[in-house]
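Enquirer: Got a structure here, written out as structure tokens. Questions coming.
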């Protein structure tokens with residue numbers, strides 16, 4: 001099944017989303033992988049630096065996982081869930097800082113978390129179809145057109 005897109009912005013159906021904070025969540029056994037959405041990477045523009053929280057650090061939902069600096073914006077990527085940082089993608093970003101601009105749902109992931117209460121906190125996350133509808137409205141209201149950085 002092809003990935004649903006609107007105005008060039010991909011919203012994969014197999015992920016969960018915190019649309020208000022522009023992050024996606026992929027559940028993988030006892031961990032989740034978190035990254036910025038296609039809409040987020042477009043809003044940011046080309047990434048230039050990331051300040052990472054250390055693995056092993058506990059983070060609460062709504063608090064920063066890392067801080068992104070881009071050509072247009074500096075600010076935190078907020079955690080969609082409470083948990084402990086199991087891993088960061090710091091080494092991959094050190095090789096290619098713009099990896100999230102090219103592949104936000106794959107190699108451009110940011111953090112792996114061990115959530116404390118996935119079942120309880122997942123209620124505020126949107127499934128792919130619901131997120132797609134929410135993003136359609138946001139994209140149209142804000143005139144967003146997604147693009148990916150070239151190699």
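The values are calculated or read from the model by the stated rules, or taken from the named source; none is laboratory data. Remember, it's a predicted structure, so these values are computed and weren't measured experimentally. Glycine also receives a Cβ, built like all others from the backbone with ideal geometry; neighbour counts cover every protein chain displayed.
Enquirer: If residue 123 satisfies every condition in (1) under 17 Å from residue 22 (Cα atoms); (2) modelled with pLDDT of 95 or more; (3) in a helix (DSSP H, G or I) but one, which is the exception?
Expert: Unmet condition: (2).
Enquirer: When you check residue 102 against the structure, is it touching a helix residue (DSSP H, G or I) at 6+ places or on another chain (Cβ under 7 Å), surrounded by fewer than 19 Cβ atoms within 10 Å (Cβ to Cβ) and farther than 28 Å from residue 117 by Cα, yes or no? Give the steps one after another, and end with the answer.
Expert: Numbers: touching a helix residue (DSSP H, G or I) at 6+ places or on another chain (Cβ under 7 Å): no; surrounded by fewer than 19 Cβ atoms within 10 Å (Cβ to Cβ): yes; farther than 28 Å from residue 117 by Cα: yes.
Criteria not met by residue 102.
Enquirer: Can you name the number of the only condition in (1) closer than 15 Å to residue 106 by Cα; (2) exposed (fewer than 13 other Cβ atoms within 10 Å of the Cβ) that residue 26 fails?
Expert: Here residue 26 clears every test but (2).
Enquirer: While we're on this one: What residue, among those in the range 105-129 that are free of Cβ contacts under 8 Å to residues at least 24 places away in the same chain and over 28 Å from residue 91 (Cβ atoms), is surrounded by the most Cβ atoms within 10 Å (Cβ to Cβ)? Before you say what the answer is, go through the steps one by one.
Expert: So the first thing to find is which residues in the range 105-129 are free of Cβ contacts under 8 Å to residues at least 24 places away in the same chain, and the list is 106-107, 119-120, 123.
Remaining after also requiring over 28 Å from residue 91 (Cβ atoms): 119-120, 123.
Values: 119: 7, 120: 11, 123: 6.
Looking at the filtered set, the residue picked out is 120.
Enquirer: Here's another thing I want to ask about it. Identify all residues within the range 41-86 that are touching a helix residue (DSSP H, G or I) at 6+ places or on another chain (Cβ under 7 Å), without any contact (Cβ under 8 Å) to a residue 40 or more places away in the chain, outside any strand (DSSP E or B) and more than 19 Å from residue 25 (Cα to Cα); write none if there are none.
Expert: If the condition is that a residue be touching a helix residue (DSSP H, G or I) at 6+ places or on another chain (Cβ under 7 Å), without any contact (Cβ under 8 Å) to a residue 40 or more places away in the chain, outside any strand (DSSP E or B) and more than 19 Å from residue 25 (Cα to Cα), then 72, 73 are the ones that fit.
Enquirer: Here is a follow-up. Mind checking which residues of the range 107-130 are within 22 Å of residue 48 (Cβ to Cβ) and touching a helix residue (DSSP H, G or I) at 6+ places or on another chain (Cβ under 9 Å)? Working first, answer last.
Expert: The first filter runs over the range 107-130 and keeps only residues within 22 Å of residue 48 (Cβ to Cβ), leaving 107-111.
Across the range 107-130, the qualifying residues are 107, 108, 109, 110.
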